[in-house]
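The values are calculated or read from the model by the stated rules, or taken from the named source; none is laboratory data. As the structure is a prediction and not an experimental result, all values here were calculated from the model. Quick reminder, even Gly has a Cβ in these numbers, built from the backbone with ideal geometry, and neighbours come from all protein chains shown. When the accessible area is computed, the model is the full protein with side chains, heavy atoms only, and any ligands, DNA or RNA have been set aside. Shrake-Rupley method; radii C 1.70, N 1.55, O 1.52, S 1.80 Å.
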Amino acid sequence: MGRHYRRLTAGDRAVLWTRWQRGETLLAISEALGTFKSNVWSEVHRRGGLVPAPRHRAPRVLQSA
């Protein structure tokens, strides 16, 4: 068993949501990421099964004062 508990990186999450949108199972996604099915399930469950919107900072935040 090559799977183990580890936090999902931003890249892992991107792969997770791409595969989820294609209709892959939690088990198939977890095997592709090399992690437990419960890690994938908790990420999907936390978002209600919906792909999160990309985050953007307001332009005013990026200006130096």
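Some values worked out for this structure:
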quantity: Accessible area of the range 25-65 belonging to carbon and sulfur atoms, whole % at 1.4 Å probe; calculated: 56
quantity: 0 to 90° range, to nearest 10: angle between helix 37-46 axis and the chain longest Cα axis; calculated: 40
quantity: Cleavage-rule hits (trypsin sites (Lys or Arg not before Pro)) in the range 1-61: DSSP loop, at most 16 neighbouring Cβ within 10 angstrom; calculated: Arg3, Arg6, Arg7, Arg47, Arg55, Arg57
quantity: Unit charges on C-beta of K, R, D, E only; dipole of the chain, Debye; calculated: 260
quantity: Helix-only mean residue ellipticity at 222 nm for the chain, each DSSP H run of n ≥ 4 adding -39500 (n - 2.57), per residue, nearest 500; calculated: -14000 deg cm²/dmol
quantity: Å² per residue, accessible surface of the chain at 1.4 Å; calculated: 80
